[in-house]
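Step one of this worksheet: look at the structure below.
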Amino acid sequence: MQWRANQNPVEDIVGLDWSDGEITAARVDVSPLGAVRLLHVGSAHVPEGASDDAVVAALRELWRSAGMPSHTVAASLRSRSVVVRPFSYPALQPEEFRAAVKLEAEETLQLQADEIALDWHLNQNGAPSEAGKTGRPFNGLLVAAPLKEVEHHQHVLQQAGLFPVILELGATAVANLFQATHREPKACEDVCVLLLTPQSAEVAILFEGDGLYARTLYARGGSWDQSVQTLIEGVQDALKYFVFKLRGRPVRKLVVTGVLPAQPDFLDVLRSRTDVPVEAWDPVATARASSARVRATLRDGMPSSLAISMGLSLRRYAGD
């Protein structure tokens, strides 16, 4: 699920997350067996409300200090103004489907079509009917955002000397990383991955091969420490939607990564409230650092959003 710029031949790209007052960047590769190697990593703190010039300066310094060899980036777009909405159309022709999602985006954002950046992820694309006249089902996720915000995001990156070729949800980046590191059969079937940053939570539920349900939750009061109940209720709502609208059965497990709330028994409470097996996952701890520079950076500490940057880096930039 991504907005793309003009396409070039396949090349590795740097994953870049910019949210919650933090910038993280990562360049990774992954073996056919799912072993991740961190080639370059870096982070920078940018206060909320910082000027564009301050963000540009932080990005340039991050690229210098991390020794990033590429300026081509896949960047996340994590904002309260981004709309992620599931859709299910029983029988449409492709041109009717495109018109339907555009109309839904206009109604949701209350903007004109030319003011919206729009994309979608298809969970399943049903076979056409025998006669080919009634169309086919379309099920998946609609992603829409004000075009001005997307263009501003791209402009800041370009001012820093970066070339953003993909803008993607944080939740789908986390799904990328989980799928890349879990190659055994059915390891990603009916699994909910929850990544926590201090102020937001990315929920990605994987099913039926490339099926995805995603949403982003935001903390009240500045962090999850003050709004654990909001977090648990948001996860519960996502799991209920999965059962009643998508699969008719619960997820097999809930995998949690990132910065947990200070509540010491949080995972036990989450397990009790969702009635789903819960396990912790640390993708950074299991990744192999490729150099002394990367090892030193990791020792100094990295924001939990590094996992999003890692997932973004697994996207490969290629022409259609």
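Things to note:
- Qualifying residue in the stretch 35-55 (condition: of a type in the set (Gly, Ala, Ser), surrounded by 15 or more Cβ atoms within 10 Å (Cβ to Cβ) and closer than 17 Å to residue 155 by Cα): no
- Taking first residues from the stretch 177-193 that are assigned by TED's automatic domain parsing to the domain that holds residue 237 and surrounded by 14 or more Cβ atoms within 10 Å (Cβ to Cβ) and partners that are polar (S, T, N, Q) and in a loop (DSSP other than H, G, I, E, B), the Cβ contacts under 9 Å between residues at least 6 apart in sequence or on separate chains come to 181/286.
- The condition (being modelled with pLDDT of 95 or more and within 27 Å of residue 147 (Cα to Cα)) is satisfied by just one residue among 50, 58: 58.
- Residue in the stretch 224-249 that is farthest from residue 188 (Cα to Cα), counting only those that are within 21 Å of the chain's Cα centre (by Cα) and surrounded by fewer than 17 Cβ atoms within 10 Å (Cβ to Cβ): 230
- All positions within the stretch 266-290 that are in contact (Cβ under 8 Å) with a residue 24 or more places away in the chain and polar (S, T, N, Q): 274, 286, 290
- Within the stretch 80-102, being surrounded by 16 or more Cβ atoms within 10 Å (Cβ to Cβ) and either closer than 19 Å to residue 245 by Cα or touching a residue at least 60 places away in the same chain (Cβ under 8 Å) (or both) holds for 82, 83, 84, 86, 87, 89, 101.
- Members of the stretch 250-264 that are modelled with pLDDT of 95 or more and either surrounded by fewer than 19 Cβ atoms within 10 Å (Cβ to Cβ) or not assigned by TED's automatic domain parsing to the domain that holds residue 175 (or both): 250, 252, 253
- Test: residue in the stretch 217-231 that is in contact with an Asp or Glu (Cβ under 9 Å, 6 or more places away or on another chain), at pLDDT 90 or above and over 24 Å from residue 138 (Cβ atoms): yes
The values are calculated or read from the model by the stated rules, or taken from the named source; none is laboratory data. Since we're looking at a predicted model, the values are computed, not measured. As a convention, Cβ positions derive from the backbone with ideal geometry for all residues, glycine included, and neighbour counts pool all protein chains shown.
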